[in-house]
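*Asks:* Let me give you the structure first, and then I'll get to my questions.
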Amino acid sequence: MKIIMLGAPGAGKGTQAKRIAEKYGIPHISTGDIFRANIKEGTELGLKAKEYMDQGLLVPDEVTIGMLLDRIHQADCKNGYVLDGFPRTIPQAESLNKALADMGEAIDFAIDVDVPDENIVNRMGGRRACLKCGATYHVEYAAPKADGVCDACGSGLVLRDDDKPETVQKRLTVYHDQTQPLIEYYKGQGVLHSVDGTQAMEAVFESITGILGA
Ligand code: AP5
Ligand code: MG
């Protein structure tokens, strides 16, 4: 099963993708998480990505597309995957389509987690992230068991550099300009499904499993 998560920054793509990956036994591939892991390790890719991410801008397609295509050709992807944060531009979607078509494959589901902008800024300010294992928390809606400590791996939790309100605003603008057109793109391919992302996390997950099936 090959799934794409669409939605604004902070819509809950990562939260839901993690649960989808667990339920269906497929890898959760987040381009944002891959970039953050590289930033943490100080790699050349990380240094390049950070320049853009800290400004709320997209990392250029020529960096991002190759990285993602390499990842989906790895052995653990043979039964599918859930992509979180990719594609984010029409050229990214077209490259993915072409790479899949070359293998005789296609995306099965594109799930748009729909949350209006006014809900987003509040969510981002309360988000806490584990840069080691990628787990995400919220001080109010999904608090870790111990304050500031990741339940999954015990590392310290941080407020992401790009979650400052002014950067969130920029990310939303970039989302509307460059990523939202993908909703029409995948509608045209007959694989688009929308869920109301303002519901509680569990209810959003139920809506998604209703679409994906048991
Ligand atoms: P990325 O890491 O993908 O960030 P994003 O798309 O901006 O999305 P977020 O991770 O911020 O939000 P999310 O939708 O995953 O929400 P979450 O589940 O955490 O990308 C970061 C940057 O990397 C980009 O800006 C760009 O620079 C670069 N990049 C990445 N991919 C790229 C690409 N393909 N091309 C170019 N550049 C790329 O939830 C948010 C918060 O809300 C959490 O605290 C969560 O606990 C809480 N929450 C979730 N669901 C609910 C709910 N139902 N009710 C209440 N609270 C909830
Ligand atoms: Mg995320």
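The values are calculated or read from the model by the stated rules, or taken from the named source; none is laboratory data. Please read all numbers here as calculations on a predicted model, not as lab measurements. Backbone-built Cβ (ideal geometry, glycine too); neighbour counts: all protein chains shown. What goes into the accessible areas is simple: the full protein's heavy atoms, side chains included, and nothing from ligands, DNA or RNA. Shrake-Rupley method; radii C 1.70, N 1.55, O 1.52, S 1.80 Å.
*Asks:* Would you kindly derive the ³J(HN,Hα) couplings of segment 81-90 from the backbone phi angles with the Karplus curve 6.51 cos²θ - 1.76 cosθ + 1.60 (θ = phi - 60°), listing them in order in whole Hz, with x for Gly and Pro?
*Replies:* 5, 10, 8, 10, x, 9, x, 10, 9, 4
*Asks:* Just to confirm my understanding: which cysteines in the chain have no other cysteine beta carbon less than 4.7 Å from their beta carbon?
*Replies:* C77, each lacking another Cys Cβ under 4.7 Å.
*Asks:* For segment 6-15, in order, what is each residue's ³J(HN,Hα) by Karplus, 6.51 cos²θ - 1.76 cosθ + 1.60 with θ = phi - 60°, in whole Hz (x at glycine and Pro)?
*Replies:* 10, x, 5, x, x, 5, x, 4, x, 4
*Asks:* Quick check on packing: order 80-89, 193-202, 97-106 by the mean number of other C-beta atoms within 10 Å, highest mean leading. Show your work: numbers first, answer last.
*Replies:* Values: 80-89: 22.7, 193-202: 15.5, 97-106: 11.4.
Highest-to-lowest ranking by the protection proxy: 80-89, 193-202, 97-106.
*Asks:* What's the ranking of 65-73, 184-192 by average number of surrounding C-beta atoms within 10 Å, highest first?
*Replies:* Details: 65-73: 15.8, 184-192: 14.1.
For the peptides 65-73, 184-192, the packing ranking is 65-73, 184-192.
*Asks:* To continue, here is another question. Need the list of lysines near K78 for cross-linking: C-alpha distance under 28 angstrom, and skip anything on the same chain fewer than eight residues off.
*Replies:* K2, K13, K18, K23, K98, K132, K187
*Asks:* Find the accessible area per residue for segment 73-147; the probe is 1.4 Å, ligands and nucleic acids are left out, and the unit is Å².
*Replies:* Numbers: 3780 Å² over 75 residues.
It amounts to 50 Å² per residue over segment 73-147.
*Asks:* Before rounding to the nearest 500, sum -39500 (n - 2.57) across all DSSP H runs of length at least 4 in the chain and divide by the residue total; then give [θ] at 222 nm in deg cm²/dmol.
*Replies:* Numbers: 9 runs with 98 residues, N = 214.
It lands at -14000 deg cm²/dmol.
*Asks:* Now for a different question. What FRET efficiency do you get for K170 and A203 if R0 is 25 Å and r is their Cβ-Cβ distance, rounded to the nearest 0.05?
*Replies:* For K170 and A203, the calculated efficiency is 0.25.
*Asks:* Tell me which residues come under 5 Å, amide H to amide H, from L6 once H is placed; ignore anything under 5 positions away on its chain.
*Replies:* I111, D112, V113
*Asks:* If you don't mind, another one. Please list, ordered by chain and number, the residues whose modelled amide H lies under 5 Å from the amide H of S30; skip anything fewer than 5 residues away on the same chain.
*Replies:* The answer is D84.
*Asks:* Can you sort R128, R160 by 1.4 Å-probe accessible area, starting with the largest? Can you show the working numbers first?
*Replies:* Details: R128 70, R160 35 Å².
Ranked list, largest accessible area first: R128, R160.
*Asks:* A further question on this structure: Starting from the Kirkwood Rh over alpha-carbon pairs, what translational D in µm² s⁻¹ does the chain have by Stokes-Einstein at 20 °C and 1.002 mPa s? Walk me through the numbers on the way to the answer.
*Replies:* Numbers: Rh = 17.5 Å.
It diffuses with D of about 122 µm²/s by this estimate.
*Asks:* Still on this structure, please answer the following. Report the antiparallel proportion of the DSSP beta bridges in segment 87-205 as a percent, rounded to a multiple of 5. Working shown, then result.
*Replies:* Details: 7 of 12 bridges.
Looking only at bridges with both residues in segment 87-205, the antiparallel portion is about 60 percent.
*Asks:* Related question: Return the sequence-ordered ³J(HN,Hα) values of segment 60-75 in whole Hz as given by the Karplus equation 6.51 cos²θ - 1.76 cosθ + 1.60 applied to θ = phi - 60°, using x for Gly and Pro.
*Replies:* x, 3, 5, 7, 6, 5, x, 4, 6, 5, 4, 5, 6, 8, 6, 4
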